[in-house]
């Protein structure tokens, strides 16, 4: 059987996870496949020869990107030249749209089939990017059904493949076992998840701890658990805890275990809300941005909701408290009834979990192989 050559580019850890799952599924159907491109340790373990370390692409924030722009543009230019010379059967850009969409456009013009895996939030803002996607992309693979509907309307070939987290997280997580593993006693437990970036924890960390103090007055015997995304976040939280007396357990990472163990979650908007949904834990979503950023986004964003659970439910399933509405009093009042209730949320979450649980890696591999006419 002729060797299949597939190029992939991932720019961050989440893309590395998706890419490695996709590579495994492709190898199961085509053991002779060869992988080239850029990826992290997981993709390399599946056999990708990475042209340069993936970390060189993982930059967050405008200012950081500007500092690295010459290097990023140079790497991208060289990557495009290399891939056009190598002529893979297909190129798959995994997330990182600001880097990969441009590569897809150039490769497709050079006659190479292109796939983009993980939709950028074009349905919410910068909708003009759809034109670039339509021109540069033979196939868009989306994790969520509402994204696929959006692309269908815009005439972009699309396939909804489901979300690998929905495959990985069980339909019913064992709360008792998670608590035992974390050494946490019975009784009401709330997870506090103010985000993984320094700026988010700076804006939300103190607010979440103030909310916890209010909840403590309302629920005697309540305890809290907070997973810290990195040692830096942990020391940031520890500094906020000085002078506060809270029954709070800090964890290094282990956000999934914290979600499995808790009764309800106070959470920053972001991917973690999807994880809380898949663990079926009632939640209140809070977010604060710099005032100017919020003002600009309010004018740009076309979507009625900011959190994934509501976008997936296409209705207000979980409360969203933003900017000045996110006060300790309001957050505590909104979260309090969910600690022992929240059934309406959890029913909705279960429905969504089943919709997203499609065996994403195999679905994605199948769609890619169909595109290039290599299905077994």
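Readers should treat all values here as calculations from the given coordinates under stated rules, not as data from a laboratory. Computed from a prediction, not measured in an experiment: that's the story for all the values here. All Cβ positions, even for glycine, are placed from backbone atoms using ideal geometry, and neighbour counts span all protein chains on display.
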**Item:** Cβ-derived FRET efficiency at R0 22 Å, residue 232 paired with residue 290, nearest 0.05
**Value:** 0.65
**Asked** Once Kirkwood radius over Cα pairs in Å is worked out from the coordinates, which option in (1) 24.5; (2) 22.0; (3) 23.5 does it equal?
**Response** (2)
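Would you kindly state how much longer the chain becomes between residue 354 and residue 248 on full extension, computed as 0.36 nm times their sequence separation minus their alpha carbon distance, in nm to one decimal?
Answer, rounded to one decimal: 34.9 nm.
Based only on other Cβ atoms within 10 Å, what is the fewest-to-most ordering of 224, 150? Don't jump to the answer; show the numbers that get you there.
Values: 224 24, 150 20.
By the 10 Å Cβ count, ascending: 150, 224.
Given N residues in the stretch 120-275, what is Rg(Cα) / (2.2 N^0.38 Å)?
Values: Rg = 19.5 Å, N = 156, 2.2 N^0.38 = 15.0 Å.
For the stretch 120-275, the normalised Cα radius of gyration comes out at 1.30.
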**Complete:** The residues 114, 100, sorted from fewest to most surrounding Cβ atoms within 10 Å, come out as 114, 100
**Asked** To the nearest 10 degrees, how steeply does helix 198-218 sit against the main Cα axis of the chain, on a 0 to 90 scale?
**Response** 30
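Would you kindly calculate the translational diffusion coefficient of the stretch 175-356, applying Stokes-Einstein with the Kirkwood radius from alpha carbon pairs, for 4 °C and a viscosity of 1.567 mPa s, and quote it in µm² s⁻¹ without decimals?
My calculation gives 79 µm²/s for D.
Can you give the FRET efficiency for residue 301 and residue 181, using 1/(1 + (r/R0)^6), R0 = 45 Å, r = Cβ-Cβ distance, to the nearest 0.05? Don't skip to the end; give the middle numbers.
Working: r = 39 Å, r/R0 = 0.87.
So the FRET efficiency works out to roughly 0.70.
Share of antiparallel DSSP beta bridges in the stretch 175-356, in percent to the nearest 5?
0
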**Prompt:** If r is the Cβ-Cβ distance from residue 346 to residue 49 and R0 is 30 Å, what FRET efficiency results, to the nearest 0.05?
**Reply:** 0.10
**Message:** Run the numbers for residue 135 and residue 154: contour at 0.36 nm per residue of separation, minus the present Cα-Cα distance, in nm.
**Reply:** 5.7 nm
**Asked** Just from its helices, what would the mean residue ellipticity at 222 nm be for the chain, if runs of 4 or more DSSP H residues each count -39500 (n - 2.57) and the sum is divided by every residue, rounded to the nearest 500 deg cm²/dmol?
**Response** -15000 deg cm²/dmol
**Prompt:** Stretch residue 68-residue 325 to full length: gain in nm at 0.36 nm per residue minus the Cα-Cα span?
**Reply:** 88.9 nm
**Complete:** Most exposed first, judged by fewest Cβ atoms within 10 angstrom, 324, 210 run 324, 210
**Request:** Please give the helix 13-29 orientation as an angle from the longest Cα principal axis of the chain, in degrees from 0 to 90, rounded to the nearest 10.
**Result:** 50
**Prompt:** Which peptide among 276-282, 91-97, 309-315, 235-241 comes first, and what is the full order, when sorted by highest mean count of other Cβ atoms within 10 Å?
**Reply:** 276-282, 91-97, 309-315, 235-241
**Message:** Would the stretch 273-376 count as rounded, prolate or oblate if I go by the C-alpha gyration tensor, calling it rounded below 1.5 in a/c and otherwise prolate when a/b exceeds b/c, oblate otherwise?
**Reply:** oblate
**Nearest-ten-degree value, helix 360-371 long axis tilted from longest Cα axis of the chain** = 20
